[in-house]
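The values are calculated or read from the model by the stated rules, or taken from the named source; none is laboratory data. Quick caveat: nothing in here was measured; it's all calculated off a predicted structure. Note: ideal-geometry Cβ built from the backbone for every residue, glycine included; neighbour counts use all protein chains shown.
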Amino acid sequence: MILPQFLILAAALFSLGVYGLLVRRNAVMVLLAVELMLAAVNINLVAFEAALRTSQAVGQVFAIFVITVAAAEVGIGLAIVLMIFRNRQSANVDEFDLMKW
Amino acid sequence: MQIDWLAIAPEIVVAVTILGVLAADLVLPRPLKYWTATLAVVGLTLAVVPLILMAASSVETRSLFEGSYVVDDFALVLKGLFLIAGYLVVLMSVSYIESDRYYQGEYYLLLLSSVLGSLVIASARDLIVLFIGVELTTGPLFMLAGWRKGDIRSNEASLKFFILGVLSTAILLWGMAMLYGVSGEVRFDQIRSALADPSPAAQPLVGLAILFVLVGFAFKVSAVPFHFWAPDTYEGAPTPVTAYLSVSSKAAGFVALFVTVYVALRDRVDIWGPGLWALAALSMTIGNLAALRQSNIVRLLAYSSIAQAGFMLVPFAAASVAGEQLAEGLAATVVYLVIYALMNLGAFAVVIQGARRTGTGDIDGWAGLGRIDPRLGVLAAVFFFSLAGIPPLAGWFAKFVMFRAAIAAGSAAATSLAVIAAINAVIALYYYARVAKVVWFDEAPAGAEPATEPPAASLALTLGIAAVATVVVGVFPAVFAVFGEATRVLLASG
Amino acid sequence: MVEDGELGALGADSYTRRGHPDAQVRMSAYFQDYVTVGVFIALGAVLVAVMLGIAAVLRPNNPTRTKQLTYECGVDPVGAGWSQTYVRYYVFGLLFVVFDVEAVFVFPWAVAAERLGLFGVVAITIFMLTLIEGLAYAIKKGVLRWE
């Protein structure tokens, strides 16, 4: 199998996601970055699964759970962003500095 | 399919309660919504029954789903802790939520979901199950932190918690995927045997996987240097939720971390041992130094809980850098965890009632509270001195167990960690005692009258349970040591 | 001159020379699948280029403002190309995604349904009922009402 290529792709996606999470100002873009990171993990899992050929396809099962949790998490995230948008009329993450970090 | 139903009965009871609370919220008219809280309390109480049955039975370890889900004494003790902590937080929340104008059903639904997640964590011996448990614990908390929808601070708390929470989830998952990649297994016992003798080419990957897992969990337990979200989230979230965050969710994160490193990665203690050492030392020191400068009581408790997390890690970290007596270290850590949970919940109940009496969260605003409301003043002194570790309160026993285990571990690194912990214990005394000093020795503001109305019954119950537990454990630690011993013996065999 | 054996080594079968034969056969089959994909992409590109090229050569070139408007099913386009979506779509999108993803758990059950028997049916029924309760809650809260 051509495992390294998949791992490199996943690592690149993950780094892109971390970058987006830390740099992007728009809250919706931050959510997209999160999705990117979780997708990278899924690529890893499925690639390892394909390379290892384990008996019960655990890697793919794991990926299915990650997909579900990712959907739930983005649901929560969008709900939070909507709630904030109603109060502030803005989805700019930088404006949330009421409390010092 | 053969399933030991008794072993998963607590989870089933809580899950059914969740569905029941949702259904009750669906059909009950507005004035009867308080029944959802009653349902939650009943459900959590019922869930304790199978735990007691299992503790009394002669079966020591119940293994389900081919070993992915294990109920041993370690799991039983922690499940008991999670249920009791959930119970106390629900009691604390009742009067708090009633005074708000938002719907109630969802609140208990989310809180119970989080409790269910932590119950799963205590038994998870499989990467997938553990991941589901961790997500079920933290997911609802993102929403609970933002419970006061109209309050911008609460919004901000929720957003910061969410962003760092999902970042930590992604990092943790990356580590888990790597672990799966190098071992080809997701079950902890199989991972352990696969990692016992990895090929040289896989060595760096193993190190990387452990690093990612460690960092992911460090975020979840808000250990320094991954703690930045905690003070802001604690300050902005509703106070009962903060209590839950600082106790149950932190404990769940710790349990997940311990189970992973102890069961699956025990043979690679050379990699994660120093990591735990650094986390413990940094958390204690930075948490304490930051707590010294806080003027808001909730922020003070936030940094104090970061420092306490460091103390908690000390016995296990000391044992792991020494490379021996891991089981003893873990047992001491679990004892500390349980005692911390009880006294910290009590401290937060005091904060809720104190904020209601004085109308402020500023420590200086609490001046003379001891004269306005003597009972609350006494309780404040009890919980804060217990957190500081002063005998004969429970916190003293926790600190004693911690130092004993750290010194027993023996090596130079372990002893130096104990020395750092000792210095920090002295620093911590200063800011805990300051609260007691303000409450008892500062002059009350002019015009303050002695309080007449008692606290809400549910909150008084919380305060009572936590106070009795704190004092009894402190005076008769032998009662409590039994739990620690049970943990130690069974984990050693597992 | 090269010998026959070495000519063969340059072909697609060269992978069988090294490593585990089974894995190598699988790998060359894997790459052959991608060769098919590559051929199709190339053919597609050529086809489009040829047709557009012929059209560009043959047709008269006489652009007007009306002709350069975006084609929207024959209706005159209104407003800018970038438009904001009504925020309520998010809620519907969310509900859809949640239920869509839950289906992921139903498919594996369907595949193994016969083997799992009654136990599987009960389990999946509880799962579905839980979801339906959530949906009922959403309806009760008025999330799905559109006014």
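Tabulated data
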| read-out | value |
| --- | --- |
| Helices (runs of 4 or more DSSP H) completely within region B:383-494 that count 2 or more residues being modelled with pLDDT of 85 or more and touching a helix residue (DSSP H, G or I) at 6+ places or on another chain (Cβ under 9 Å) | B:394-409, B:412-441, B:457-475 |
| Search result, residues across region B:253-267 that are part of a helix (DSSP H, G or I) and within 16 Å of B:L172 (Cα to Cα) | B:G253, B:F254, B:V255, B:A256, B:L257, B:F258, B:V259, B:T260, B:V261, B:A264 |
| Extreme residue, nearest to A:V18 (Cα to Cα), among residues of region B:188-215 that are away from chain A (no Cβ under 13 Å) and of a type in the set (S, T, N, Q) | B:Q203 |
| Any hit, region B:154-175, residues being out of contact with any Lys or Arg (no Cβ under 9 Å at 6 or more places or on another chain), more than 9 Å from chain A (Cβ to nearest Cβ), under 27 Å from B:A264 (Cβ atoms) and modelled with pLDDT under 90 | yes |
| Selected residue [loosely packed, with under 14 Cβ neighbours inside 10 Å and not in a helix (DSSP H, G or I)] from C:G117, C:G142 | C:G142 |
| Breaking point among (1) modelled with pLDDT of 85 or more; (2) away from chain A (no Cβ under 14 Å), for B:R266 | (1) |
| Hits in region B:55-73 - residues which are among the β-branched types (V, I, T) and under 21 Å from B:I191 (Cβ atoms) | B:T61, B:V70, B:V71 |
| Region A:6-34, subset under 14 Å from B:M178 (Cβ atoms) and facing chain B (nearest Cβ under 10 Å), residue farthest from the chain's Cα centre (by Cα) | A:L7 |
| Filtered residue count, region B:284-330, keeping only those that are more than 17 Å from the chain's Cα centre (by Cα) and either among the small types (G, A, S) or not in a helix (DSSP H, G or I) (or both) | 16 |
| Residue ID - farthest from C:V104 (Cα to Cα), chosen from residues in region A:35-65 that are within 7 Å of chain B (Cβ to nearest Cβ) and among the polar types (S, T, N, Q) | A:T54 |
| Any chance B:D270 is assigned to a loop (DSSP other than H, G, I, E, B) and among the acidic types (D, E) | no |
| Among (1) in contact with a Ser or Thr (Cβ under 7 Å, 6 or more places away or on another chain); (2) farther than 30 Å from B:L83 by Cβ; (3) in contact (Cβ under 8 Å) with a residue 24 or more places away in the chain, the one test that B:A196 misses | (1) |
| Flag for B:G146 being of a type in the set (G, A, S) and within 26 Å of B:L265 (Cβ to Cβ) | no |
| Any chance B:V261 is hydrophobic (A, V, I, L, M, F, W, C) and either surrounded by fewer than 24 Cβ atoms within 10 Å (Cβ to Cβ) or in contact (Cβ under 8 Å) with a residue 60 or more places away in the chain (or both) | no |
| Meets criteria (modelled with pLDDT under 85 and in a helix (DSSP H, G or I)) for C:S83 | no |
| Search result, residues across region B:108-135 that are under 15 Å from the mean Cα position of the chain (by Cα) and within 14 Å of chain A (Cβ to nearest Cβ) | B:S114, B:G117, B:V120, B:G133, B:V134 |
| Residues of region B:225-239 classified as in a loop (DSSP other than H, G, I, E, B) and either over 16 Å from the mean Cα position of the chain (by Cα) or at the interface with another protein chain (Cβ under 9 Å from one of its Cβ atoms) (or both), total | 5 |
| Given (1) within 10 Å of chain A (Cβ to nearest Cβ); (2) more than 25 Å from the chain's Cα centre (by Cα); (3) part of a helix (DSSP H, G or I), index of the condition B:E185 fails | (3) |
